[in-house]
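Engineer: Handing you this structure, nothing more for now.
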Amino acid sequence: MSYFITTPIYYVNDVPHIGHAYTTIACDILSRFSKLKGDETYFLTGTDEHGQKVEKAALSNKKDTQDFVDEMSKNFRDLIPYLGCEIDDFIRTTEKRHKISAQFLWNKLKNNDQIYLSNYEGWYSIRDEAFYLESELTKTDKGFLAPSGAPVDWVKEESYFFKLSKWEDELIKYYEKNPDSILPKSRYNEVLSFIKGGLKDLSISRTTFNWGIQVPETEKHVMYVWIDALCNYITALNYPNTENDSFKKYWPGIHVVGKDILRFHAVYWPAFLMAAEIDPPKQIFAHGWWTNEGQKISKSVGNIINPYEIIDTYGLDQIRFFLFREVPFGNDGDFSKSAIAQRVNADLSNNYGNLIQRITSFIIKNSDSKIFKPTNYNEIDTTLIKSFDTTLDSYLKNMKSFQIDKALKNIFDYLSEINAYVDSQAPWSLKNTDNKRMNDVLYIITLMTIKTSILLYPVIPSSIDKALNIYNLTINNLNLINFNNFLPDSILLNKTKPLFPRIEL
Ligand code: ME8
């Protein structure tokens, strides 16, 4: 199987914050999971560098626009390894490959009679880079505001339009036939009812500024930033060459986006694609919004969470884990210091870390660092071993349906079972009475801890590398394909240090 997963490409008007980090880590988790299953996987992220919002930011920073976007894009690229993410491609919309691709898509739409020239008159929000109907706006003493709270301006200009209204029925038909193509379900319903409410043709070019991809053969117009931006997903697969291996293998892909930009991905993008005779995306997952200690994260409030700072304070895997264990993927979440400490201490330090620590130090001290495959198993042993299969089934089902929090809960419920087994079998009390049984119990605990660790790998990869190193294993020789048969004759242990020191508030 092949699996193409993408983040939104982020605007380079400002530095990345925790919200951007969240989406990128989500895709990294899904991509690592897919690789662990043996699927051919391609993980794409990048930066969205055109449009009025970016041009305005360059201007207010008194920088040449190209220099500004080069510098800002680097901030997003440099953050990726710091987040523990492994990507396959980083795309920038100012690259030549992308201009060629976006202009080709435009021409394709033009030749397919999907574009016409007219005049746009209406509301536009530069912050959202979006057109709004007056009925969508709220009137305040500061003027009209978009649903996102962004200010809007009245614009009037010549514009090319995409015949979006023509695609209403096709989109409805497509989504009714593919009910899992937008997740969670509530977002699917939202999109479907938006389309059923009627689609208007979409303005797709601007004439009042230059910072964009030029509309072919028309110097006056640059493309609306969203038609340019969405096209990045196929540029990365070498569009317009649709006969190449990577396009054939990876398209259609899976887009993970914040709920703020679902409409662009689930309405405009599939319509552009259908109009250009390309398959719509396989799936779109819209996640929720993070707030900081209950408040909306925003520059004006001054509560932006810098990903570097929180990773330096709490640790990389601690943050990755918190973000995806604490809040169901798809729901809104609140970032709070006490919630991080509680979550990390309870799950990672106590349930998982302590289990490894106390068992490995015991084996090193009392079994000469080595344990051997048991020759027989009692009923309590087989119950624990069998229960792993149920855990694995639920874990796989949950990961495949983007329910990362539930998959993590499956793992930690199982770790509690291992801990209960440790307590009931009490290997320390067997030390002087039954050395064989002590070995067997320690082997079973270790084997099941190793298997459980593999399931945690997508979320906390660097800690799992360290954990596997204790057992002289690596993720390359143990994965979701071969670990069913993993039953070594003996396991030799290396010395350990605590993996997850407790966080003191
Ligand atoms: O929209 N909570 O770029 P953008 C959760 N360039 N996620 C958040 C977040 C928060 N508080 N803040 C941001 C754009 N995000 C366009 C996309 S795609 C073809 C073009 C994440 O820089 C979330 O994924 O505004 C959101 O959709 C994205 O950043 C918006 O990034």
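Engineer: State whether the residues of segment 474-487 include one that is among the aromatic types (Phe, Trp, Tyr), modelled with pLDDT under 95 and surrounded by 14 or more Cβ atoms within 10 Å (Cβ to Cβ).
Structural biologist: Looking through segment 474-487, at least one residue is among the aromatic types (Phe, Trp, Tyr), modelled with pLDDT under 95 and surrounded by 14 or more Cβ atoms within 10 Å (Cβ to Cβ).
Engineer: Only residues that are over 22 Å from LYS466 (Cα atoms) and within 13 Å of the ligand (Cβ to nearest atom): list them for segment 307-333, please.
Structural biologist: Passing the criteria: PRO307, VAL327, PHE329, GLY330, ASN331, ASP332, GLY333.
Engineer: Please enumerate the residues belonging to segment 1-37 that are away from the ligand (no atom under 14 Å from the Cβ) and of a type in the set (Ser, Thr, Tyr).
Structural biologist: SER2, TYR3, SER31, SER34
Engineer: Among (1) farther than 22 Å from ARG206 by Cβ; (2) assigned to a strand (DSSP E or B), where does TRP123 come up short?
Structural biologist: Going through (1) farther than 22 Å from ARG206 by Cβ; (2) assigned to a strand (DSSP E or B) one by one, TRP123 breaks only (1).
Engineer: Follow-up question, since we're still on this one. Under the condition of being among the basic types (Lys, Arg) and in contact with a strand residue (DSSP E or B) (Cβ under 9 Å, 6 or more places away or on another chain), which residue from segment 1-58 is nearest to TYR124 (Cα to Cα)?
Structural biologist: LYS53
Engineer: Taking THR41, is it polar (S, T, N, Q), open to solvent by 10 Å² or more (accessible area, probe 1.4 Å) and within 30 Å of TYR457 (Cα to Cα)?
Structural biologist: On the way: polar (S, T, N, Q): yes; open to solvent by 10 Å² or more (accessible area, probe 1.4 Å): yes; within 30 Å of TYR457 (Cα to Cα): yes.
For THR41, the condition - polar (S, T, N, Q), open to solvent by 10 Å² or more (accessible area, probe 1.4 Å) and within 30 Å of TYR457 (Cα to Cα) - is met.
Engineer: If you check every pair at least six apart or on different chains, which have Cβ atoms under 9 Å apart with a residue in segment 243-265 that is without any contact (Cβ under 8 Å) to a residue 12 or more places away in the chain first and a residue that is open to solvent by 20 Å² or more (accessible area, probe 1.4 Å) second?
Structural biologist: The qualifying pairs are ASN244/ASN238; ASP245/ASN238; LYS248/THR242.
Engineer: Could you grab me the full set of residues in segment 252-277 that are farther than 30 Å from PHE322 by Cβ and open to solvent by 20 Å² or more (accessible area, probe 1.4 Å)?
Structural biologist: Listed by number, the residues that qualify are PRO252, TYR268, MET274, GLU277.
Engineer: Additional query: Can you give me the ranges of the helices (runs of 4 or more DSSP H) entirely in segment 232-305 with at least 1 residues that are away from the ligand (no atom under 15 Å from the Cβ)?
Structural biologist: Once the helices (runs of 4 or more DSSP H) in segment 232-305 are filtered for at least 1 residues that are away from the ligand (no atom under 15 Å from the Cβ), what remains is 245-250, 269-275.
Engineer: Let me ask something additional. Which ones in segment 280-290 are in contact with a helix residue (DSSP H, G or I) (Cβ under 7 Å, 6 or more places away or on another chain) and open to solvent by 10 Å² or more (accessible area, probe 1.4 Å)?
Structural biologist: PRO280, TRP289, TRP290
Engineer: Another question, if that's okay. Do we have GLU134 as in contact with a helix residue (DSSP H, G or I) (Cβ under 6 Å, 6 or more places away or on another chain) and of a type in the set (D, E, K, R) here? Write out each step before concluding.
Structural biologist: Numbers: in contact with a helix residue (DSSP H, G or I) (Cβ under 6 Å, 6 or more places away or on another chain): no; of a type in the set (D, E, K, R): yes.
Criteria not met by GLU134.
Engineer: Suppose we filter ASN494, ASN469 for residues that are of a type in the set (S, T, N, Q), surrounded by fewer than 19 Cβ atoms within 10 Å (Cβ to Cβ) and not in a loop (DSSP other than H, G, I, E, B); which single one remains?
Structural biologist: ASN469
Engineer: Where residues in segment 44-71 are within 15 Å of the ligand (Cβ to nearest atom) and open to solvent by 20 Å² or more (accessible area, probe 1.4 Å), which of them is nearest to the chain's Cα centre (by Cα)?
Structural biologist: Among those that are within 15 Å of the ligand (Cβ to nearest atom) and open to solvent by 20 Å² or more (accessible area, probe 1.4 Å), it is LYS53.
Engineer: Evaluate the following for ILE234: is it over 21 Å from the mean Cα position of the chain (by Cα), under 21 Å from GLU95 (Cβ atoms) and not hydroxyl-bearing (Ser, Thr, Tyr)? Walk me through how you get there before you give the answer.
Structural biologist: Details: over 21 Å from the mean Cα position of the chain (by Cα): no; under 21 Å from GLU95 (Cβ atoms): yes; not hydroxyl-bearing (Ser, Thr, Tyr): yes.
Spelling it out, it is not the case that ILE234 is over 21 Å from the mean Cα position of the chain (by Cα), under 21 Å from GLU95 (Cβ atoms) and not hydroxyl-bearing (Ser, Thr, Tyr).
Engineer: Answer yes if at least one residue in segment 334-345 is within 12 Å of the ligand (Cβ to nearest atom), among the basic types (Lys, Arg) and in contact (Cβ under 8 Å) with a residue 40 or more places away in the chain, and no otherwise.
Structural biologist: Taking every residue of segment 334-345 in turn, none turns out to be within 12 Å of the ligand (Cβ to nearest atom), among the basic types (Lys, Arg) and in contact (Cβ under 8 Å) with a residue 40 or more places away in the chain.
Engineer: Okay, next question. How many residues are surrounded by 22 or more Cβ atoms within 10 Å (Cβ to Cβ) and either away from the ligand (no atom under 16 Å from the Cβ) or assigned to a helix (DSSP H, G or I) (or both) when one looks only at segment 204-220?
Structural biologist: Summing the residues that are surrounded by 22 or more Cβ atoms within 10 Å (Cβ to Cβ) and either away from the ligand (no atom under 16 Å from the Cβ) or assigned to a helix (DSSP H, G or I) (or both) in segment 204-220 gives 2.
Engineer: What pairs come up if the first residue lies in segment 1-27 and is farther than 17 Å from LEU44 by Cα and open to solvent by 30 Å² or more (accessible area, probe 1.4 Å), the second is more than 7 Å from the ligand (Cβ to nearest atom) and of a type in the set (Val, Ile, Thr), and their beta carbons are under 9 Å apart, counting only those six or more places apart or on different chains?
Structural biologist: That search, which allows pairs on different chains as well, returns ASN13/VAL54; ASP14/ILE304; VAL15/ILE304; HIS17/ILE304; HIS17/ILE305.
Engineer: List the pairs whose first member sits in segment 484-501 and is touching a residue at least 60 places away in the same chain (Cβ under 8 Å), whose second member is open to solvent by 90 Å² or more (accessible area, probe 1.4 Å) and among the aromatic types (Phe, Trp, Tyr), and whose Cβ atoms are under 6 Å apart, counting only residues at least 6 apart or on separate chains?
Structural biologist: SER490/PHE372
The values are calculated or read from the model by the stated rules, or taken from the named source; none is laboratory data. As the structure is a computational prediction, the values presented were derived from the model and not from experiment. Cβ: placed from backbone, ideal geometry, glycine included. Neighbour counts: every protein chain shown. Just so you know, the surface numbers come from the protein's heavy atoms only, side chains and all, with ligands and any DNA or RNA stripped out. Shrake-Rupley method; radii C 1.70, N 1.55, O 1.52, S 1.80 Å.
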